[in-house]
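Visitor: Submitted below is the structure of interest, expressed as structure tokens.
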Amino acid sequence: MYLKPVIAANWKLNHGPTDARAFLQRFLAQSPKQNDRTVIFFPSALTVTTVMDGLKDRPDLWVGVQNVHSEAQGAFTGENSVLMARDIGARVVLVGHSERRHVFGETDAMTTRKMALISQARLIPMLCVGETLEEREGGHTAAVVERQLTAGLAELDDAQVAAIMLAYEPVWAIGTGRTATPEDASEIHGVLRQALASRVGDKVAAGIPILYGGSVNRGNAAQLLAAPDVDGLLVGGASLDADSWASIVRA
Ligand code: PGA
């Protein structure tokens with residue numbers, strides 16, 4: 001079982017096995033075990049085994065995958081499946097990351113399918129939701145994240161909903177250096193918490209980790225983590241450097 005806060009590194013299309021080995025050596029040298037949080041690495045699928053080998057003595061450091069296909073197996077050249085993710089020992093799978101949605105055209109219907117498959121495989125899906133700048137400026141943020149959440153939960157039973165993780169990642173904040181303020185993050189996390197509560201009740205909703213992501217760095221991590229309703233961080237760019245990531249996981 002994980003502990004909150006949950007602090008996750010999304011390496012995206014960076015760090016092959018050779019880089020990952022060097023990264024882990026430097027990161028582990030300055031990162032003793034912490035008993036009050038869970039840290040997750042999302043390397044590229046081709047780097048997962050290397051990262052798992054490097055972390056085998058550190059049960060506090062988990063490994064997940066960045067994506068799986070919306071079918072469990074079959075003629076889908078180039079894809080990775082949830083069954084393979086489970087087989088390799090991954091524990092968490094990102095679903096509906098902004099780049100999947102906006103660069104690769106992932107639809108709400110695909111996130112519905114993926115959330116169901118991942119839950120059935122007893123891995124933890126981490127559903128990512130977030131609005132574009134245009135949607136924010138149009139006043140549609142709450143409606144957009146609620147729609148994405150509803151789609152993600154559509155095929156889950158209540159026990160499966162209780163086992164998910166959620167990440168609020170405003171699209172305009174990802175990789176832009178423009179971070180949501182802790183107040184902005186808290187406000188939308190509150191909207192998501194409320195939506196979860198109306199599905200599974202207050203008590204269960206309170207237990208579901210809601211991470212913030214979007215230009216988190218070592219300078220703003222502690223402040224974001226301290227904001228009400230923020231249960232963790234999902235970090236892209238600033239997780240690529242071992243020193244920077246080591247300081248964020250201590251935040
Ligand atoms: P960023 O990416 O920290 O580089 O903004 C976050 C993410 O995409 O998960």
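The values are calculated or read from the model by the stated rules, or taken from the named source; none is laboratory data. Only a predicted model underlies this, so the values are computations on that prediction, with no experimental measurement involved. Glycine gets a Cβ as well: all are built from the backbone with ideal geometry, and neighbour counts include every protein chain shown. Only protein heavy atoms, including side chains, enter the accessible area calculation; ligands, DNA and RNA are left aside. Shrake-Rupley method; radii C 1.70, N 1.55, O 1.52, S 1.80 Å.
Visitor: With a probe of 1.4 Å, find how much accessible area the chain has per residue, and write the answer as a whole number in Å².
Guide: 44
Visitor: In the Gaussian network model of the chain, springs joining C-alpha atoms below 10 Å, which of ALA221, ALA116, ALA206 carries the largest mean-square fluctuation?
Guide: ALA206
Visitor: Please compute the contact order of the stretch 1-104 in relative form: average sequence separation of alpha-carbon pairs under 8 Å and at least six residues apart, divided by the residue count, as a percent.
Guide: So the answer I get is 24 percent.
Visitor: Give me the percent of accessible area attributable to carbon and sulfur for the chain, probe 1.4 angstrom.
Guide: About 52 percent, which is the carbon plus sulfur part of the accessible surface.
Visitor: Would you calculate a helix-derived [θ] at 222 nm for the chain, using -39,500 (n - 2.57) for each DSSP H run of n ≥ 4 and dividing by the full residue count, to the nearest 500?
Guide: Per the formula, -12000 deg cm²/dmol.
Visitor: How high is the relative contact order of the stretch 6-249, in percent, with contacts defined as C-alpha pairs under 8 Å that are six or more residues apart?
Guide: Relative contact order comes out at 20 percent.
Visitor: A further question on this structure: Output the pairs from LYS33/LYS114; LYS12/LYS56; LYS4/LYS33; LYS12/LYS203 with a Cα-Cα distance over 24 Å in this structure; if there are none, say none.
Guide: Checking Cα-Cα distances, LYS33/LYS114; LYS12/LYS203 exceed 24 Å.
Visitor: Just PHE76, PHE41, PHE23 to compare: in a GNM of the chain, with alpha carbon springs under 10 Å, which one fluctuates most?
Guide: PHE76
Visitor: Using a 10 angstrom Cβ neighbour count of at most 16 plus a DSSP loop assignment to flag exposed GluC sites (Glu not before Pro), which longest range of the chain is free of such sites?
Guide: With a cap of 16 other Cβ atoms within 10 Å, the longest stretch comes to 156-251.
Visitor: Would you mind getting me the FRET efficiency between LEU13 and ARG58? Use the beta-carbon distance for r and R0 = 22 Å, nearest 0.05.
Guide: Calculated transfer efficiency: 0.35.
Visitor: Follow-up. For ALA29, put the label point 7 Å out on the Cα→Cβ axis and report which residues of the stretch 220-244 keep their amide N under 18 Å from it.
Guide: Counting backbone N atoms under 18 Å from the label point, the list is 240-244.
Visitor: Round to a whole angstrom and tell me the spacing of the C-alpha centers of the stretch 1-56 and the stretch 99-118.
Guide: Centre-to-centre distance over Cα atoms comes out at 24 Å.
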